[in-house]
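Chemist: What follows is a single structure, and I will ask about it in a moment.
The values are calculated or read from the model by the stated rules, or taken from the named source; none is laboratory data. It should be emphasised that the depicted structure is a prediction, and the values quoted were computed from it without experimental measurement. Virtual Cβ from ideal backbone geometry, glycine too; neighbours counted across all protein chains shown. What goes into the accessible areas is simple: the full protein's heavy atoms, side chains included, and nothing from ligands, DNA or RNA. Shrake-Rupley method; radii C 1.70, N 1.55, O 1.52, S 1.80 Å.
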Amino acid sequence: MRTTAERSPRRGHTRHKAAARIAAVDPERGRPLLRLLALASITVSFLAASSAPTPLYATYQAAWGFSALTTTVVFGVYAITFLAALLTVGRLSDHVGRRPVLLAGIAGNVLALAVFVGAHSVAALLAARIVQGLATGGAISAVGAGMLDVDQTRGAVANATAPGLGTASGALLSAFAVQWLPAPAQLIYIVLAGVLIVQAFGVVLLPETSPRAPAAWRSLIPQLTLPPQTRRPLLAAAPVLFAVWALAGFYGSLGPALIDHLVGSASVIDAGLGLGILAGVAALTTYVLRATPAPNVMLVGTTTLIAGVAAVLLSLWAASPLGFFVGTAVAGVGFGAGFQGGIRLVAPLARPDERAGVLSVLFTIAYLGLGVPAVAAGFAVAKGGGLVATSYEYGVAVIVLAALATVNVIRLRTHNHARAEGPAPLASAPAPQPCRCST
């Protein structure tokens, strides 16, 4: 008799090819923790470079005389080009490997930083932000998928922690440079470019974790596809992913003006402090809650986000700078927990050759939240809505989204609990008794 393998050589060959596509290297080879940290540091650098201009907007505005609306447009252009890159090259690393996409992203970011160094007009700022958005959007899903390749559990935590850490460090380091160091509008960008160049050499030394696969050109067609196993968790996570990054967008675009309104200070440190506190507390929260089950982390995120944003709105009503910064810190807990919970709820469910695509969808939702509401708020302020009134409306929208996410997560937990319990097992039929008939 022939074995199953002998009867189905083609099926066995297919399984062998599929297994070969799962990993290009043994995940345990080459100090996985060191590789994970190296990849996470690249995400930190990318996001630090994207937030570094925030404390400098006041400097640019004073020198070139543009409005708050222009600031939000410059900020929004980055988010839009980031999304464009995600939708086109976000899945490319699943086909050509992680390293080529990462190296291209680093090169693009270095070019954007060089444009920032020589910027003398709004047009130059827009050009730099466009290049930066394309480079970061093209590479962020590749580096995130690379971290999941190395370690699914710790990679998911790193994917949630690194963006907040990068955003906070970029804003705060830029603010300190402007306050105390010479040539701040150039120095911070030169330092970040140097860091990225060093990291490019590190990428060359890292082993490739994703083998080449066909249909690379087809992957460039804009589309958002999700494996079936990730769809229900993503629907639960989407509102909070959008909400937390909408809050980050608000602090990144209008936060400096709002802090100036509250504190009455032109200090660049104060201007960068709001985004720095929000993102810094978020990064700390993701690390502290790394071992907590993802649905529980999501609930912590949504409830603290509601509480923090409500505290910020009350502080604006009471004109309390201390209340504003305390509320920002509480909202930072919501930012970190909500973002980490969303990533951990969805990303580990993707197969290796689906990871970059799934992360592209997650970051698309997040960066829609980062860019679209911030630009809309800029238009509202410019058209007479007023900074404080627009802040109230923005905060209420974030609270509503967080409340919706809370309901979604509770429903998902109930659904998963019901599936885990399943139907009661059927009683087994009694075993047949031997016949005791007499002959």
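Chemist: In whole angstrom, how far apart do the alpha carbon centroids of the range 224-260 and the range 41-78 sit?
Modeler: When both Cα centres are located, 19 Å separates them.
Chemist: I've got another one for you. Any chance you could check the Cα centroid distance between the range 354-381 and the range 84-145 for me, in angstrom?
Modeler: Using only Cα atoms, the two centres lie 16 Å from each other.
Chemist: Follow-up question, since we're still on this one. Could you state the accessible area per residue of the range 103-172 in Å², with a 1.4 Å probe and every protein chain left in place?
Modeler: In whole numbers, the range 103-172 has 27 Å² accessible per residue.
Chemist: Further question on the same structure: Once the piece of chain linking residue 190 and residue 221 is laid out straight, how much longer is it, given 0.36 nm per residue of separation minus the C-alpha distance between them?
Modeler: 7.7 nm
Chemist: Follow-up. From the phi angles alone, apply the Karplus equation (6.51, -1.76, 1.60; θ = phi - 60°) to the range 86-103 and give each ³J(HN,Hα) in whole Hz, x where the residue is Gly or Pro.
Modeler: 4, 6, 9, 9, x, 9, 5, 5, 5, 10, 10, x, 6, 4, x, 5, 5, 5
Chemist: Give me the percent of accessible area attributable to carbon and sulfur for the range 37-173, probe 1.4 angstrom.
Modeler: Looking at the range 37-173 in its full context, I get 75 percent from C and S.
Chemist: Starting with the highest mean, order 65-73, 306-314 by the number of other Cβ atoms within 10 Å, averaged over the residues of each peptide.
Modeler: 306-314, 65-73
Chemist: State the percentage of accessible surface on the range 320-400 attributable to carbon and sulfur atoms; use a 1.4 Å probe and exclude ligands, DNA and RNA.
Modeler: That fraction is 76 percent.
Chemist: Using only the Cα atoms of the range 361-408, build the gyration tensor, take square roots of its eigenvalues as a ≥ b ≥ c, and label the shape rounded, prolate or oblate: rounded if a/c is under 1.5, else prolate if a/b is larger than b/c, else oblate.
Modeler: oblate
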